[in-house]
Every structure is written in C-alpha cells, then in structure tokens.
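Below: the structure, in structure tokens.
The values are calculated or read from the model by the stated rules, or taken from the named source; none is laboratory data. Everything quoted here is computed from the prediction, not taken from an experiment. Here the Cβ is made from the backbone with ideal geometry for all residues, glycine too, and neighbour counts use every protein chain on show. Please note that ligands, DNA and RNA were not included when accessible areas were found on the heavy atoms of the full protein model with its side chains. Shrake-Rupley method; radii C 1.70, N 1.55, O 1.52, S 1.80 Å.
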Protein chains: 2
Amino acid sequence: MLRNWSVFLSPNDIEEIHNTSMKLLANGGVEFPDDEAVAVFKGRGFKTDGHRVYFSEEQVMGALETVPAQFTIHARNPDKDVTVGDGEPVFAPAFGAPFLVDPDVGKRAPTMEDYHNLAKLAHALPNQDLSGHLMVEPGDVPAGTAYPSTSSGHRLRMLHASMVHSDKPFMGSAEGKIGARHTMKMATILFGEEVRERPVTIGLINSLSPLGYSREMLAALMEYARWRQPVIIAALVMAGSTGPITLAGVLMQQNAELLAGITLTQLISAGTPVIYGSTSTNIDMKTGALAIGSPELSLVVAATAQMAHHYGLPCRSGGALTDANSPDAQAGFESMLGLLTTVNSGVDFVLHAAGILSSYLAFSYEKFVLDDEMCGMVRRFRRGIAVTPETLAYDIIAKVGPGGSFLMEPHTVKRCRSEFWQPVVCNREGLEAWQAGERQDAVARAHQRWQKLLAEHEDPPLDATTARQLQAFVAEH
Amino acid sequence: MLRNWSVFLSPNDIEEIHNTSMKLLANGGVEFPDDEAVAVFKGRGFKTDGHRVYFSEEQVMGALETVPAQFTIHARNPDKDVTVGDGEPVFAPAFGAPFLVDPDVGKRAPTMEDYHNLAKLAHALPNQDLSGHLMVEPGDVPAGTAYPSTSSGHRLRMLHASMVHSDKPFMGSAEGKIGARHTMKMATILFGEEVRERPVTIGLINSLSPLGYSREMLAALMEYARWRQPVIIAALVMAGSTGPITLAGVLMQQNAELLAGITLTQLISAGTPVIYGSTSTNIDMKTGALAIGSPELSLVVAATAQMAHHYGLPCRSGGALTDANSPDAQAGFESMLGLLTTVNSGVDFVLHAAGILSSYLAFSYEKFVLDDEMCGMVRRFRRGIAVTPETLAYDIIAKVGPGGSFLMEPHTVKRCRSEFWQPVVCNREGLEAWQAGERQDAVARAHQRWQKLLAEHEDPPLDATTARQLQAFVAEH
C-alpha cells in the first residue's frame, strides 16, 4: 500500500500557517450574516461585533476536539455504507454543473431526463461510492411550488432520483434551511427515525471567501448540525481574486474560514461529523477564469490534506478536475493530476471524482465513465505491491531460468484472471487492430459504455410503502 | 518542494527483494553470451559456466561502490548541460517507435523527414532536456552502407539530425559495438578528445529478460564503458511472460538482471556513470499485449525508484506512457499516471517523457507537444509551495477583510505574470468562448503548436568545420 502521503509542507510550514490563521481569526474575524449563528457564538463566550465573530485559538481547538476522526454514512443497502476517514478515499460524482457537454453538439442545457440518467449511471459505475446530488442543474422543471425558493422542484426531484435509482448513500441538499429540511424529511421516510442517530447523508457547505459565509449556507449548516448529519465545510478561495495570489496565503485564509465554520457545527451539536474541505486554486491571469486543471490546484489539494491531518480532521479535496471543454487529452491528464494527487495525499472524501468539465461549468456523460475508470486505476495503484515469498516467486524464476517463459507456469495460470487491474473503457487492443477497425477514441468507447449501462439499469428494490411515501412527498412540495 | 517520495515498499520489503535477488544471482546466475564479457568476469574471480555468470553479494556490492551517484551530461551548449541524480528529473523524448500515428490517417511509416521534424521539435520543446535518439525508426533510408548492419544509414542520419538541429545533449546509439563506435566518433568530432574525460551522451542498454543480455547490447555496453560514457541499464520484464506474474517477483528478477549488468560496467571501467532502469510492467491477460498505461506499471516505477535509492544509484523509469492509439483522454490520463508517479518517486532520468503511444509502437507529433506540457506541469507541481511571511500575506488578507477583493492589490498585481504556471497548449478559454468558436480539442491545438514550432525552427549555431566533418562522417559510412 501507499506508505507515504505526498508531502509538500514542512512541520514548520504547517505551524506558520496555523499560527497566522489563528491571528487572523482573533484580530480580523469571520462574517456570519445570520443572527441565530451569531447568538450561538455569543452564548458560548465568543467575541462578536454585529455579524463579525472573533475566535481565540483555545476556542477553536476546543471545538475541534469533538469532531469525529472517522464516521460511516449509511446506505439503504448496508453493503454500500461508506466510511469516511479510514484511510480509503470515498468517491462521489461531480456536483453543481449548470451545463452538459455532448460529443456532437457541445454545450447544452441539462434536462430532468438527464438527471435520471446520471443518477442511474452513478448507481452503475463501480467506483462511485455515493449517488451524488445536483450533478447537473436541470433547466426544464416547472418552477411552481409551495415554497419561496423556485428551485424546490429541482431539488426534490433530484433527491428522489438518487434515492430510487440507487441504493448507494446519497448526498443531501444544502440550499438553505429548506433544502436541508427536505433532505432530512426524505431521509426520514427512507430510514425512519434512526436518521437522528446515525449519518445517512452528507451536505456540502461552502464558505464565502474571503472570510465569510452566505446566509443560505449558514442556515443549511445549522440544520445539518441540529440533525447531527455530516457536512463538508469547504473553501474555494481563488488565488488572486477572493484570496491572495500566493498559495501559502490561500491555505492560511481558507484555514481560518474552515475552522470558523467547523467550530460552529460543534457549538450547535458537538460530535457532528464534519469534513475539512477545499478546492481552492488559482485563476488564469490571462483570462481571469478559474483554473482547476492547474498544478497549483493539486498543490493546494496536497497541502489541504496535510492541514486536515494536522488537526485530525477528515478531509475533502480534489477530484478529476479539468478546464478542458471536452473529454480530450487535456481533460485526461489534468483530471489524473488532480485525482492521483488527491489519493496520494490521503484525502478522505473526493467530490467531483467523475464527470466534471470546463472549470465546473459542465458535466459530460462520457467523462463520467472515463473518470470512473481512472478512480479504479488509482484505487488499484494505492493498494501497492505485496512482497511475500509467494509473490517473490524465487523457485519459479530459478526454475524458468535465463531465456525461459513464464506464460504457462502454474504460478502464472493460477493468477492470470485476478492479478492485474482490468480496464473496461481503456483500449488495449493494440495498434494493428485499432488501425484495421474503426479507430475509436476514448470518447466513442465511453459513449457506448454509458449507453449500455443505462440500457441495463434496474432500480434496486425498494419497499412499496417507502416508495409511495417518497413519491407523495415530492408531489406535495 | 516535494518532501516525501511516493513509497510503496517497506524497508523489510526492500531487504527481502535484495536478499532474494542475491540468492538468484549466486545460484541461478545471468546469461552473458559474449566471450569477452565472460572473460572480464572470469578475470575478476567471478564464477562462470559457459556464458553463465554467477555473482556473490560481496562482488555485486563491491562493484556498486564505484558508480557515481550523480553526473553531468555535457551539451555542446553548456547552458543545456543536464545533471542526473541531483533530485530533479531529466526529461528525454520517446524512443524506438516503429510507427507514427497522425490524426487523419492513423498509423503510418515514419520517414527521415519525420525524424528531422522530431529532432527540431525536441530542440524547441521547453521541457525536453535531451534531443533524444531513435524517436521513430524511419523506413525510407537507403540501406547500402559499408557496414554489415543495414541500419547504419538510419543511425548515422539520426545522430546527425540530433547534433545539428539541437544543442541539447543527445542520446547515443546502442545498436551493437558499431552503433556505440559511431556515436563515440561523432561525439569526438563535436567535442574533441575531451569525450574520454566527461560524459557527452548516454546509451540505453536493455537486459534480455529473463536473466540475460543480448550479444548486441553487451557489445554496446562494453564499448560505452570503455569510453566511460554513461549507460542506462534497463529491464523490461513483462509480468506473466518474461517474468513472474507477481510484481514483487518482477522487481526481484529485474534487480538481479540490472545489478549483473551494472557490475559489468564497473569491472570494465570503474566509475562509469550508470543508471538503474526499468519499464517492467504487466501484460494484458485478455490480449497478451504489453500494458504500459496500467496502474501496475506505475507501481513498478515507484518501487524501482526505491530500489535504486536503496543502492544509491541514479534511476531511470516511467514516462508519459499509454496503450491508447491516439492522443485521446485515455492517452492523457494514463500518461499522467505514469509521469506524475515517475516524478513523485524521485526518478532521475525519464525516457519516454513525451511522444509515445500504443504500448511503445507509435510516436505522435501531437502527443509530443501535449506530453511536453505535462512535463512542465509536473515540474511546477514538484516545486511545491513557498511558505514565508510574504507569501502568507497576513497584512493583505487582514486589510482586504471579509467580502473584499484581492484583484487590484499591489501584492497581486506585482506577481500576476509570474506566480502561476502558464499553459501553452491547455485550453482555459472557458465554455462560452469554446462553444462560440471552433470547439477545438487538445489534438487540434497541439497540431497547430508543432506546426508553428517547426516553422520557426532555426538550427543553433555550429562552427563550419565541425559541421563539415560531421557531414563527411555520415556520408562516408
């Protein structure tokens, strides 16, 4: 197995980052534009000034003590429970893409039908551990609902799609208090009252860099914490725009943002599972665009994991990230730089493990399939090499000797179906066969694969009462 | 900077691999089908039996003592000298591809014109440190030469192309004694008699797995060692075919092969620079084809580097390797898995850093350009994050405060052109612009780039006498 995580920061670097962010939290503070949140801080003796909250090192470190180092998100199929923080990375699909990119037409608006397709694929793909949420933002859902947020229709249908098409754990909505409540209610239908006793979903809370949180995110954060359901607290500091241009400063600023948010979860409900998260990166200085395929992103991923480990917190970062607009070679190598670094760094929870393109703006069916294959590759890679007398194979090598062949040795034959990682989409047909055939590229192969997976999909069994109640909840709201 | 290399083997694993290969060298031996080589071993007290040579641990470890941990390959432009073993990876182009793959026609036979083009591109590409050798095997060179090997024409023209189109260090030929001698003679024209005093090229010697060397390679090895010019001794054990199916056994077998070859270099000329090399990997058990984009290859790369470090030897392994037949997403992510692992593992010399496709069977102009960009990315990645009061930027963050922007801060403006890695081929134009434009993919962009580089190429200055002598040597042989 991988014995050393990729390490870029020295112990002294970590100490400097920590100390400087403590100074920032104490002197500059963080903006929490929600009276309830400020009241929670005030009630526990934190210095506040309007919506600005100030933190002493003692207060922050005290709050971190109750964060679990490890927790399990339960699935409706117990075989698919996932544990966060046990050293193995958990992979979840891309999140929040406003567009789709198709091979033939390029950019297009996602529909609710796409969402159903993607939920089914998330269920089918062997290396996605969660069924995701908000993989794309469907644009064709009728807006009229009983709730003030016009996105209620979207949200409920997406949650419902993940719950019925898959028995993997689902991600929850963090679109304000209402998104969180809908999630908890639907989770209660699915799991019963035990929802209050164990994690069954996870929400994504983003800070509002620099040094704040939005009202909507705070409301969701507090609701998740009240239900003791896990949240990722994540920063997306853009170096040179919403944070300093230097990566050390980005790490320091995001550390202040994250620890402030994590502290709030523990004040509301000590022991709430919470993940230290980041996808901070640079902006491209020529175009001003976010650069998520950059080497700087991967450096921030590795350093973020080191900071999380320093605090003993589970970590979320990275993924199969790219600025390319189609699943081409650039998408391939940028995504692998991000994903391999994520896994090499000991990141526990990997959102955007598959499917994203265009600096988070687009989802691609083909890339979903290709990235899932990458997830399988890096999983195999991480397991490493077993060194035993059996695998060292001294007797076999000595017997075969110079110039011989191992192909027909029992040691080979016995292992020939199981020893190596087997690709599904990657092409190993060889140059001659490829040239003689249709000269398919990875996109063509991936396209065939998702169409096949979709055609073969069957919803996993769900008892009729639960199914009816879920359906009714969606219809009513 | 990267502080921890990727580590998969425990100290005990390394010890087991070492001990088992010592046992294999002592009891099974290695085949050296060359009377001169056997005579060298015999003369130094090694046990031999026909062409079989047996090694004691003491003999092997004694020979390793004289291998330099670090050496410099001199270029005809001293600014382009490269040092092997100083912790920075040295990148060299792909090697030995019998075919080219073009975007429009797929597979085709390379011509000598292609070779000139590739030598010019190797010169132009910013992250290739050597101009390479045998990047492709041109098929259109008239065979008639004064030498028995019909490939003399190829070889001389290729060496000549690298010498005149580039002032980076060139790789030498290891096609038998004659290939090595041609290399040394042409190097002598270029550098004068100092060739005998310092490294000016490097040759690639492959073992013949399992547990042997070919006559041709042995002759080249001995010639390089007599001239004290550096060689890579490399194994390409195919797990399940020319080696055991288990990776630990592959590492153990290749260790025996490599140490035997390295020992010979030092017996011939103690102090000859030599690199411990491997591109061993698995075969695909469905097709029997070599799998160089596999996670197994990357594991062998990382473990090979650990073994080389254990012996204090410079290491060659990995590269931008793929089994894909065109520069598609698969080529991108497989190549990055290999290249990033190579760099993360502390490999010193990276052959195939750019250009290869199809399990070593094809070279691609477009992939050459794309992989060079990847080399730049992983170089930047490796440098890591500077943590200083200046980069932590406390004052700036405190001043900007919650909700502010860093875009116009002097701290940002001052660094905005230099702080981040800048892509040349990678697309960061954004989804809207891409959709509105020609929707180019990475191959289209890379195609434009190499055509531009080629159009702009000028041979670096070379004095007229040397140029004439080189030309005459090629014409005469």
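The single residue among A:A302, A:A329, A:A308, A:A324 that is in contact with a Pro (Cβ under 6 Å, 6 or more places away or on another chain) and not polar (S, T, N, Q) turns out to be A:A329.
For the range A:413-441, the set of residues classified as at the interface with another protein chain (Cβ under 7 Å from one of its Cβ atoms), under 19 Å from B:L290 (Cβ atoms) and either touching a residue at least 12 places away in the same chain (Cβ under 8 Å) or assigned to a loop (DSSP other than H, G, I, E, B) (or both) consists of A:R415, A:C416, A:R417, A:E419, A:F420, A:W421, A:C426, A:N427, A:R428, A:E429, A:G430, listed by residue number. Considered as a group, the residues in the range B:137-184 that are β-branched (V, I, T) and at pLDDT 90 or above include one that is surrounded by the most Cβ atoms within 10 Å (Cβ to Cβ), and that residue is B:T183.
Would you say A:S405 is more than 25 Å from A:G293 (Cβ to Cβ), open to solvent by 50 Å² or more (accessible area, probe 1.4 Å), part of a loop (DSSP other than H, G, I, E, B) and more than 8 Å from chain B (Cβ to nearest Cβ)? Judged against the criteria, A:S405 is not a match.
Go through the residues of the range A:284-303 one by one and say whether even a single one is modelled with pLDDT under 95 and open to solvent by less than 10 Å² (accessible area, probe 1.4 Å). Looking through the range A:284-303, at least one residue is modelled with pLDDT under 95 and open to solvent by less than 10 Å² (accessible area, probe 1.4 Å). Hey, does the range B:366-380 have a residue that's under 22 Å from B:E419 (Cβ atoms), within 7 Å of chain A (Cβ to nearest Cβ) and either among the charged types (D, E, K, R) or more than 17 Å from the chain's Cα centre (by Cα) (or both)? Yes, some residue in the range B:366-380 is under 22 Å from B:E419 (Cβ atoms), within 7 Å of chain A (Cβ to nearest Cβ) and either among the charged types (D, E, K, R) or more than 17 Å from the chain's Cα centre (by Cα) (or both). Scanning for something within 13 Å of chain A (Cβ to nearest Cβ), open to solvent by less than 10 Å² (accessible area, probe 1.4 Å), at positive phi and over 19 Å from the mean Cα position of the chain (by Cα), does the range B:218-239 turn up at least one residue? Within the range B:218-239, not a single residue is within 13 Å of chain A (Cβ to nearest Cβ), open to solvent by less than 10 Å² (accessible area, probe 1.4 Å), at positive phi and over 19 Å from the mean Cα position of the chain (by Cα).
Candidates are the residues of the range B:343-352 that are over 30 Å from A:Q440 (Cβ atoms) and either among the aliphatic types (A, V, I, L, M) or under 15 Å from the mean Cα position of the chain (by Cα) (or both); the one that is surrounded by the fewest Cβ atoms within 10 Å (Cβ to Cβ) is B:G346. A:R445 meets each of the listed conditions (1) in contact (Cβ under 8 Å) with a residue 40 or more places away in the chain; (2) surrounded by 20 or more Cβ atoms within 10 Å (Cβ to Cβ); (3) more than 30 Å from B:P244 (Cα to Cα) apart from (1). Taken together, B:S21, B:S56, B:S10 contain a single residue that is within 14 Å of chain A (Cβ to nearest Cβ), closer than 30 Å to A:V400 by Cβ, surrounded by fewer than 21 Cβ atoms within 10 Å (Cβ to Cβ) and among the hydroxyl-bearing types (S, T, Y), which is B:S10.
Can you find a residue that is over 25 Å from A:M377 (Cα atoms), in contact with a Pro (Cβ under 8 Å, 6 or more places away or on another chain) and outside any helix (DSSP H, G or I) anywhere in the range A:5-21? For the range A:5-21, residues over 25 Å from A:M377 (Cα atoms), in contact with a Pro (Cβ under 8 Å, 6 or more places away or on another chain) and outside any helix (DSSP H, G or I): absent.
Kindly establish whether A:D328 is closer than 20 Å to A:H447 by Cβ and within 13 Å of another protein chain (Cβ to nearest Cβ).
Taking the combined requirement at face value, the residue satisfies it.
For the range A:305-342, the set of residues classified as buried (at least 24 other Cβ atoms within 10 Å of the Cβ) and of a type in the set (F, W, Y) consists of A:F333 only. Taking each residue of the range B:259-274 that is hydrophobic (A, V, I, L, M, F, W, C) and looking for partners that are in a strand (DSSP E or B) and open to solvent by less than 10 Å² (accessible area, probe 1.4 Å) with beta-carbon atoms closer than 8 Å, six or more apart or interchain, yields B:A260/B:V30; B:A260/B:V53; B:I262/B:I233; B:I262/B:V274; B:I262/B:Y276; B:V274/B:V231; B:V274/B:I232; B:V274/B:I233.
Within the range B:92-136, the set of residues being surrounded by fewer than 24 Cβ atoms within 10 Å (Cβ to Cβ), assigned to a loop (DSSP other than H, G, I, E, B) and in contact (Cβ under 8 Å) with a residue 60 or more places away in the chain comprises B:F95, B:G96, B:P98, B:P103, B:P110, B:P126, B:N127. Of the residues making up the range A:75-91, one or more are in contact with a Pro (Cβ under 9 Å, 6 or more places away or on another chain), assigned to a loop (DSSP other than H, G, I, E, B) and within 24 Å of A:G312 (Cβ to Cβ).
Evaluating B:M336 against the criteria (1) at the interface with another protein chain (Cβ under 7 Å from one of its Cβ atoms); (2) farther than 25 Å from A:E373 by Cα; (3) not acidic (D, E) leaves one unmet condition, (2).
A count restricted to the range A:24-53 and to residues that are free of Cβ contacts under 8 Å to residues at least 40 places away in the same chain, away from chain B (no Cβ under 14 Å) and assigned to a loop (DSSP other than H, G, I, E, B) stands at 2.
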